[in-house]
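The values are calculated or read from the model by the stated rules, or taken from the named source; none is laboratory data. The shown structure was predicted, so the numbers you read here are calculated from the model rather than taken from an experiment. In this analysis, Cβ positions are derived from the backbone assuming ideal geometry, glycine residues included, and neighbour counts consider all displayed protein chains. Protein only, heavy atoms only, side chains kept; ligands, DNA and RNA dropped before computing areas. Shrake-Rupley method; radii C 1.70, N 1.55, O 1.52, S 1.80 Å.
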Amino acid sequence: MEESRVAFLRRLISSPSPSGFEQPAQATVREEIKHYTDEIRTDIHGNAIASLNGQGAPRVMLEAHCDELGFLIRYIDENGFLYFAPVGGFDPSTLPGNR
């Protein structure tokens, strides 16, 4: 069981999914949770929604974001420095700690 969770986590973090383009991460999540749900659907906003006993009580919702920090390279100068713009919002102070 532990190996399958690690494998899922590896697949999830290997799915490129910057803001606005979350489909690869959602496909990974859909594949993993289909064994535990009665229904998986996508709403008009692109959110993946899974339910188990959707008419039961009490009702509990678990939610999470599927996107990740993304950047577009805008220019590479003659010294090889990259100039980029973010995809979505981010806190610049966290950037040095990310790969």
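I'd like to know if the range 24-35 contains one or more residues that are in a loop (DSSP other than H, G, I, E, B) and open to solvent by less than 100 Å² (accessible area, probe 1.4 Å).
no
Do we have any residue at all in the range 66-85 that's under 11 Å from the mean Cα position of the chain (by Cα), loosely packed, with under 10 Cβ neighbours inside 10 Å and hydrophobic (A, V, I, L, M, F, W, C)?
no
Kindly indicate whether any position in the range 6-13 is within 19 Å of Gly88 (Cβ to Cβ) and free of Cβ contacts under 8 Å to residues at least 60 places away in the same chain.
Yes: the range 6-13 contains one or more residues that are within 19 Å of Gly88 (Cβ to Cβ) and free of Cβ contacts under 8 Å to residues at least 60 places away in the same chain.
Could you count how many residues in the range 46-99 are in contact with a Phe, Trp or Tyr (Cβ under 9 Å, 6 or more places away or on another chain), under 22 Å from Leu12 (Cβ atoms) and part of a strand (DSSP E or B)?
5
With the checklist (1) in a helix (DSSP H, G or I); (2) open to solvent by less than 70 Å² (accessible area, probe 1.4 Å) in hand, flag the one item Arg5 doesn't pass.
Of (1) in a helix (DSSP H, G or I); (2) open to solvent by less than 70 Å² (accessible area, probe 1.4 Å), only one is false for Arg5: (2).
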